[in-house]
Amino acid sequence: MTNEDRRTLRTRAALRAAFVSRVLADGYSGVRVEHIAAAADVGRATFYTHFRDKEALYDHVVEVVLGELRERMAPVDREGVGFTGWPVAELFRHAAEQPDLYRLILRGEGDGRGLRALVEAWTEAAHDIFAERARAHRIRPRVDLRVVARAWVGEQVSVLLWWLESPAPRPDVEQVVETLVELSRRGRYWATGFDSISD
């Protein structure tokens, strides 16, 4: 890697960090390119060397997060028995490493397109995993797996934002993941205390 490449990576990382901190402080609509450039300690011309506008920077921020998440999920067992909680734990750990970035996306800043991109990517991955496991075990799903995947992801996204914004002491990752896994294994009916549908 050349010095120029390293400088580019450092500048882009600084712009991402500045964007996230400014948006969380002032809201997406209140942040302008000059605010981001000043917070990153670069000139406007440098900003425009890397990004067309703040929307392009936001898209870049989301792409980086999704890329990192895909890398972390690469070893997932797509055919084995499900509900291990491992993918959910990886999502929560990744979010714990970059809480401000996840808060920005999960709050729907910037017309919600970052949140939509995260939900769509995570839903597609979940659907693929569920479908491959069903095929591997020769089972026929009772519900359309697109609905199952979307419900599962919606639940995780909602709980993840709640967890990131909870005051200390908040539940640890393992406790939250175990709760989500139990909901996947047994369902909400069981979670609310009922033993059977006739209760």
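The values are calculated or read from the model by the stated rules, or taken from the named source; none is laboratory data. As the structure is a prediction and not an experimental result, all values here were calculated from the model. Note that each Cβ is placed from the backbone with ideal geometry, even for glycine, and that neighbours are counted across all protein chains shown. We work out accessible area using only protein heavy atoms, side chains counted, and drop any ligands, DNA or RNA first. Shrake-Rupley method; radii C 1.70, N 1.55, O 1.52, S 1.80 Å.
Structure above, values below:
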| quantity | calculated |
| --- | --- |
| Net length gained if the chain between residue 5 and residue 182 were fully extended (0.36 nm per residue, minus Cα distance) | 59.1 nm |
| Long-range HN-HN contacts of residue 108 with modeled amide H, under 5 Å | 115 |
| Three-way shape call for segment 4-74 based on the alpha-carbon gyration tensor, with the a/c threshold at 1.5 | oblate |
| Stokes-Einstein diffusion coefficient of the chain, Kirkwood radius over Cα pairs, 10 °C, 1.306 mPa s, in µm²/s | 84 µm²/s |
| Cα lying deepest toward the dipole's positive end in the chain, options 19, 181, 148, charges on Cβ | 148 |
| Sequence of 190, 162, 152 from largest to smallest accessible area, 1.4 Å probe | 162, 190, 152 |
| Heavy-atom accessible area ranking, 1.4 Å probe, most first, across 90, 174 | 174, 90 |
| Residue 155 versus residue 71: modelled label distance in nm, points set 7 Å from Cα along the beta carbon direction | 3.0 nm |
| Probe 1.4 Å, protein heavy atoms only - accessible area per residue of segment 1-147 in square angstrom | 56 Å² |
| Square roots of 5 times each gyration tensor eigenvalue, C-alpha, segment 1-119, largest first, Å | 29, 18, 11 |
| Segment 100-199 - convex hull of the alpha-carbon atoms, volume per residue in Å³ | 138 Å³ |
| Packing rank of 52-59, 12-19, 39-46, where each peptide gets the mean count of other beta carbons within 10 Å, highest leading | 12-19, 52-59, 39-46 |
| Residue-span extension gain [residue 175 to residue 195] - 0.36 nm each, minus C-alpha spacing | 5.0 nm |
| Student exercise, the chain dipole from Lys, Arg, Asp, Glu Cβ charges, in Debye to nearest 20 | 320 debye |
| Accessible heavy-atom area order of 165, 34, 124, 155, highest first, probe of 1.4 Å | 124, 165, 34, 155 |
| Around residue 15: net Lys/Arg minus Asp/Glu count, Cβ-Cβ under 14 Å | +3 |
| For segment 9-19, 3J(HN,Hα) per residue [Karplus equation, 6.51 cos²θ - 1.76 cosθ + 1.60, θ = phi - 60°, Hz, x = Gly/Pro] | 4, 5, 5, 5, 5, 5, 5, 4, 4, 5, 4 |
| Point-to-point label distance, residue 48-residue 64, nm (Cα→Cβ direction, 7 Å offset) | 2.2 nm |
